[in-house]
1. State the Cα centre-to-centre distance between the stretch 1-72 and the stretch 95-144 in whole Å.
2. For the stretch 66-139, what does the alpha-carbon gyration tensor say about shape, rounded, prolate or oblate, given a ≥ b ≥ c as the root eigenvalues, a/c under 1.5 as rounded, and a/b over b/c as prolate?
3. Separation between the LYS153 and MET1 pseudo-spin-labels, each 7 Å from Cα along Cα→Cβ, expressed in nm?
4. Looking at the chain from every direction and averaging, what is the projected area of its Cα convex hull in nm²?
5. Please report the Cα spread of the stretch 1-49 along all three principal axes, rounded to whole Å, starting with the longest.
6. Per residue of the chain, what 222 nm ellipticity follows from adding -39500 (n - 2.57) for every DSSP H run with n ≥ 4, rounded to the nearest 500?
7. Which entries in LYS13/LYS60; LYS13/LYS153; LYS57/LYS153; LYS3/LYS60 show an alpha-carbon gap greater than 25 Å?
8. Could you give the length gained by full extension between ASN119 and ASN9, i.e. 0.36 nm per residue of separation minus their alpha carbon distance, to one decimal place?
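The values are calculated or read from the model by the stated rules, or taken from the named source; none is laboratory data. Computed from a prediction, not measured in an experiment: that's the story for all the values here. FYI the Cβ positions are ideal-geometry reconstructions off the backbone, even for glycines, and counts take in every protein chain you see. Quick note on the areas: whole protein, heavy atoms, side chains included, nothing else; ligands and nucleic acids left out. Shrake-Rupley method; radii C 1.70, N 1.55, O 1.52, S 1.80 Å.
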Amino acid sequence: MAKHHISFNLNGKPVEALVEPRELLVHTIRENIQLTGTHIGCETSHCGVCTVDLNGKSVKSCTLLAVQADGGDVLTVEGLASAEGLHAVQQAFVEEHGLQCGFCTPAMLVRAYRFLQDNPDPSEEEIRWGMSGNLCRCTGYQNIIKAVQSAAKKLQQA
Ligand code: FES
Ligand code: FES
């Protein structure tokens with residue numbers, strides 16, 4: 001099958017890849033570009049562990065073709081921290097124990113980041129709804145909610 005040449009910004013840096021038309025974005029990120037913080041769970045757009053940011057929106061990268069990211073801006077968990085240290089959502093997940101096994105955590109962080117960009121002062125109910133596309137199979141949701149609440153406060157004070 002003829003491959004397509006695509007290029008996009010990944011965590012602020014330009015990347016290029018040769019992809020089959022049917023290749024999913026999550027496979028391009030993990031296997032082609034070898035950035036493995038974005039995980040694969042169900043590959044049916046249910047669990048959310050493959051969530052990344054594409055052009056300012058949370059997307060499930062197992063449900064998107066890599067060619068759809070051509071020319072776009074993609075953010076993965078690897079892009080959250082900066083030279084100044086962890087991002088506020090990462091810091092809050094550490095402090096509030098927002099993870100157990102950690103498998104869902106990268107996508108939770110990327111989703112929490114976008115959710116708080118869109119809704120900087122959410123209620124608990126809004127957080128539960130906003131994070132509902134991401135499943136934690138350890139079912140440790142209480143601390144995840146607390147972490148998002150704490151991150152919201154940190155970002156408001158920043
Ligand atoms: S792997 Fe994409 S939603 Fe589960
Ligand atoms: S921390 Fe284990 S799946 Fe969420």
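1. 21 Å
2. Working: a/c = 1.40, a/b = 1.26, b/c = 1.11.
It comes out rounded by the Cα gyration axes.
3. A separation of 4.9 nm, rounded to one decimal place.
4. Working: hull surface 35.7 nm².
So the Cα hull casts an average projection of 8.9 nm².
5. Principal-axis extents of the stretch 1-49 (Cα, largest first): 29, 29, 14 Å.
6. -9000 deg cm²/dmol
7. LYS13/LYS153
8. Value of the extension gain: 37.1 nm.
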